[in-house]
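This report refers to the structure that appears directly beneath it.
The values are calculated or read from the model by the stated rules, or taken from the named source; none is laboratory data. Computed from a predicted model, the values in this text were never measured in an experiment. Reconstructed Cβ throughout: ideal geometry from the backbone, glycine too, with neighbour counts over all protein chains shown. The area values use the complete protein model at the heavy-atom level, side chains included, leaving out ligands, DNA and RNA. Shrake-Rupley method; radii C 1.70, N 1.55, O 1.52, S 1.80 Å.
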Amino acid sequence: MLAAKGGIRHKRRMVFDWTALLLYLLAALALLGAPGSVPLALAAAGRRVGWRGTLPFFLGVEIGLGIGAALTAAGIMTALIAVPSIKLGLMIVAVAYLLYLAWRTAFAPIGRLAAGDFALNPLSGVIVGIANPKGFAAFAAIMAGFTIVPDMALWDGVVKWIGVMAVVIAVDIVWIAIGILIGSVDLSPRHERMINIGFGIAIVATAIFAFVTA
């Protein structure tokens, strides 16, 4: 904006609403930190193959979620999942892979596996991360409920994306750590099989719940 006489351009100053930022992060933690099919899948992988074996899948999941969160911040993903056929297609892809992963988890051989034996690759993580309409609905609800950088929509979206991804990454690392901690316990083959089946059932249950309620 030019001054009437001086021709001086005045730049808007970026102002953060720190209270809104804190409440936004807490809301993201509350919505995204609860057990879900993807966190449980990460925990199951961590228990079976440890951090190094889970890392490719974890990175893929975060890339997929990062893409989806960016599209949500821009309003694109929210518009896409408003189309019933697109939303249904994404859900089918995500649930199908999670069911496969649940089966692999429940009936995995007893004993710690080599990292390559668990079929956790970056591409499958990206698919699960990006084909997750329920997660994007949570992103949209969080992002729409707060304004962190008033009057600067672009920077407001950027800050929201950084904040929500920081929460997602931290939460997923915690779930992997929980899985690794469970895997460090010396169990009998029978109890180990029971835990495998329990993880598999939990992944199936949360995947179906997400599909039904999305």
Open item on the list: If a residue must be assigned to a helix (DSSP H, G or I), in contact (Cβ under 8 Å) with a residue 40 or more places away in the chain and either among the β-branched types (V, I, T) or open to solvent by 70 Å² or more (accessible area, probe 1.4 Å) (or both), how many such residues does the range 10-32 contain?
Closed with: 3
- [ ] Answer yes or no: is there a residue in the range 94-101 that is within 27 Å of V212 (Cα to Cα), within 15 Å of the chain's Cα centre (by Cα), of a type in the set (V, I, T) and at pLDDT 85 or above.
- [x] no
Open item on the list: When you scan the range 49-71, do you find a residue that is basic (K, R) and open to solvent by less than 60 Å² (accessible area, probe 1.4 Å), even just one?
Closed with: no
TODO: Could you please let me know if L99 is open to solvent by 60 Å² or more (accessible area, probe 1.4 Å) and in contact with a Leu (Cβ under 8 Å, 6 or more places away or on another chain)?
DONE: no
Open item on the list: So P35 passes all but one of these: (1) at pLDDT below 80; (2) not in a helix (DSSP H, G or I). Which condition number does it fail?
Closed with: (1)
- [ ] Kindly indicate which of T54, T72, T105 is in contact (Cβ under 8 Å) with a residue 12 or more places away in the chain, of a type in the set (S, T, N, Q) and under 19 Å from I197 (Cβ atoms).
- [x] T105
Open item on the list: What's the total number of residues in the range 178-194 that are closer than 24 Å to A94 by Cβ and among the aliphatic types (A, V, I, L, M)?
Closed with: 1
Open item on the list: Suppose we filter the range 167-212 for residues that are under 20 Å from F57 (Cβ atoms) and either outside any helix (DSSP H, G or I) or charged (D, E, K, R) (or both); how many remain?
Closed with: 2
